[in-house]
Amino acid sequence: MKQSEIRDELLGQHAGLRGHLDTARLAAEQWKSGELSRADVQTALTQLADALGAHNRHEERAEFMDDEHANEHREMFDALTRVRRARDPGEGGRELANFCERMLAHMSWEEKTFLNAMVLRDDDPSVDADGG
């Protein structure tokens with residue numbers, strides 16, 4: 001797989017994750033206002049967790065992960081787990097807002113740091129274009 005294809009796939013996953021974050025935030029707001037149940041929020045959070053896990057595994061396979069980056073991913077997944085455990089809409093909303101802020105900042109950092117055309121490019125001779 002070409003580096004540009006990997007970059008495009010990961011950026012597409014980031015777009016999907018942003019959509020899941022928006023869905024989860026909306027569900028949390030609707031839970032707080034009584035329009036949705038906690039179970040509905042859990043469904044949105046499970047979909048977010050699944051997408052985040054798949055994305056993280058893809059980054060690991062693409063070998064973008066040093067120990068610090070891998071630790072950040074684990075910490076974010078732990079933070080999402082705390083959001084999922086919330087029993088109170090106010091607490092859940094606050095935890096989710098903190099998680100979303102952190103997740104968005106992390107994705108922006110990744111996009112600037114290694115998911116840009118200057119870093120992840122097809123003509124880089126140090127990278128095996130076949131993915132292995």
*asked:* For a quick check of your reading of the model, give me the residue pairs whose first member lies in the range 105-120 and is in a helix (DSSP H, G or I), whose second is at pLDDT below 80 and among the β-branched types (V, I, T), with beta-carbon atoms closer than 9 Å and at least 6 apart or on different chains.
replied: T113/V119
*State all residues of the range 6-40 that are under 15 Å from A97 (Cα atoms) and basic (K, R); if no residue qualifies, say none.*
R18, R25, K32
*Tell me which residues, restricted to the range 1-59, are closer than 20 Å to N116 by Cα, surrounded by fewer than 16 Cβ atoms within 10 Å (Cβ to Cβ) and among the charged types (D, E, K, R).*
K2, E5, D8, E9, R18, R57
*asked:* Quick check on my filter: what residues within the range 39-90 are at pLDDT 95 or above and among the hydroxyl-bearing types (S, T, Y)?
replied: T43, T46
*Name the pairs whose Cβ atoms lie under 8 Å apart, with the first residue in the range 78-93 and surrounded by fewer than 18 Cβ atoms within 10 Å (Cβ to Cβ), the second of a type in the set (D, E), and 6 or more positions between them or separate chains?*
A79/E95; R82/E95
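Please indicate, with yes or no, whether at least one residue in the range 18-36 is of a type in the set (A, V, I, L, M), touching a residue at least 60 places away in the same chain (Cβ under 8 Å), farther than 25 Å from E110 by Cα and part of a helix (DSSP H, G or I).
Yes: the range 18-36 contains one or more residues that are of a type in the set (A, V, I, L, M), touching a residue at least 60 places away in the same chain (Cβ under 8 Å), farther than 25 Å from E110 by Cα and part of a helix (DSSP H, G or I).
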*Given the structure, is E68 charged (D, E, K, R), assigned to a helix (DSSP H, G or I), without any contact (Cβ under 8 Å) to a residue 12 or more places away in the chain and surrounded by 13 or more Cβ atoms within 10 Å (Cβ to Cβ)?*
no
*Looking only at the range 71-100, which residues are part of a helix (DSSP H, G or I), farther than 27 Å from I6 by Cβ and not small (G, A, S)?*
T81, R82, V83, R84, R85, P89, E91, R94, E95, L96, N98
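The values are calculated or read from the model by the stated rules, or taken from the named source; none is laboratory data. In this text the structure is predicted, and so the values were computed from the model without any measurement. For neighbour counting, all protein chains shown are included, and Cβ atoms are generated from backbone atoms with ideal geometry for every residue, glycine included.
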